[in-house]
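The values are calculated or read from the model by the stated rules, or taken from the named source; none is laboratory data. If you're wondering where the values come from, they're calculated on a predicted model, not measured in any experiment. Positions of Cβ are backbone-derived with ideal geometry, glycine not excepted, and every protein chain shown enters the neighbour counts. To get the accessible areas, we keep the full protein, side chains included, count just its heavy atoms, and leave off ligands, DNA and RNA. Shrake-Rupley method; radii C 1.70, N 1.55, O 1.52, S 1.80 Å.
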Amino acid sequence: MKKICKFILSFVLTLMLIGCGYKVIDKNQGSRYKITEITFSGEKKINHKIKNKLLFSSSKTSKNEFIIQLNSKKIRSIKEKNINNEVIKYNLKITSKIIYNILGSTNKGSFEVQRTGDYKVSNQRINTLNNEKKLSESLTEQIFKQISAQLNSIASDS
C-alpha cells in the first residue's frame, strides 16, 4: 500500500513540475512596428525612458516604419491635507501625446495616454522624493506598454 501511495505521489509531483507552463518569452514577439525616428518635447526623463523602451521593443524587420513625435507632461497636485493644513498625499499625473506618421503611407494620426497615481509624503524630504520617483517610473512603464500596444494595433490595421 505504501509503494502505491509513493508512486502516485511521485507521479503527481512529476506532472506538476513538467506541466508548469514555463516558457521563455521573446521580447520581439508581437512587435509589428519599426521606429525610424523619435522626436520629443516636454518632460525629458519620461520621454527618454519611453523612447529607449520603444526603440528596444521595436521590430528590426517590420515593414511598418513609424516616425513619432512624443510630448509628455508630469503634473503633481495636492491630494490630501491633514488638520494642520500640511500635505500628506500628492497626486501624480503623467500624460503623453503621440503623433505618428507611417512611412510609405498617408497614415497619420495621434493618440494620448494618461496615467495617474498617488504617493505619500514622508517625514524626510528624500523619502518623499524617492516615493515620487518610484511612482513616476511605474506610471512611465504603464504608459510605454499602452503606447506599444496602440502602435501594434495601428500597424496591424495598416
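A few comments on the model shown:
- Share, in percent, of DSSP beta bridges within the chain that are antiparallel, nearest 5: 80
- Positive-end residue of Phe7, Ser138, Ser41, charge dipole of the chain with Cβ unit charges: Phe7
- Set of lysines with alpha-carbon distance to Lys89 below 19 Å, sequence-local pairs under 8 removed: Lys74, Lys79, Lys81, Lys120, Lys133, Lys134
- Restricted to Cα atoms, the stretch 47-95 shows a radius of gyration and a Dmax of 18.6, 60 angstrom.
- Placing one equal scatterer on every Cα of the stretch 80-158 and applying the Debye formula, the log10 ratio I(q)/I(0) at q = 0.27 Å⁻¹ is -1.21.
- Structure-derived mean projected area of the Cα convex hull in nm²: which label, when the choices are (i) 12.1; (ii) 9.0; (iii) 16.5: (iii)
- Here the Gaussian network model covers the chain, with springs between Cα atoms less than 10 Å apart; of Ile46, Ile35, Ile88, Ile88 fluctuates the most.
- DSSP loop trypsin sites (Lys or Arg not before Pro) with at most 14 other Cβ within 10 Å excluded, longest remaining stretch of the chain: 64-158
- Sulfur and carbon atoms: percent of accessible area, the stretch 89-158 [1.4 Å]: 41
- Full-extension gain in nm, Lys73 to Lys133, via 0.36 nm per residue minus C-alpha separation: 20.1 nm
- On a per residue basis, the chain carries 71 Å² of accessible surface, using protein heavy atoms and a 1.4 Å probe.
- Rounded to the nearest 20, the Cβ-based charge dipole of the chain about its Cα centre (Lys and Arg +1, Asp and Glu -1) stands at 480 debye.
- Vicinal HN-Hα couplings computed from phi for the stretch 140-152 (Karplus, 6.51 cos²θ - 1.76 cosθ + 1.60; Hz; Gly/Pro x): 5, 4, 5, 5, 4, 4, 6, 5, 4, 5, 5, 5, 4
- Net charge of the neighbourhood of Asp157, taken over other residues with C-beta under 14 Å away and scored Lys/Arg +1, Asp/Glu -1, is +3.
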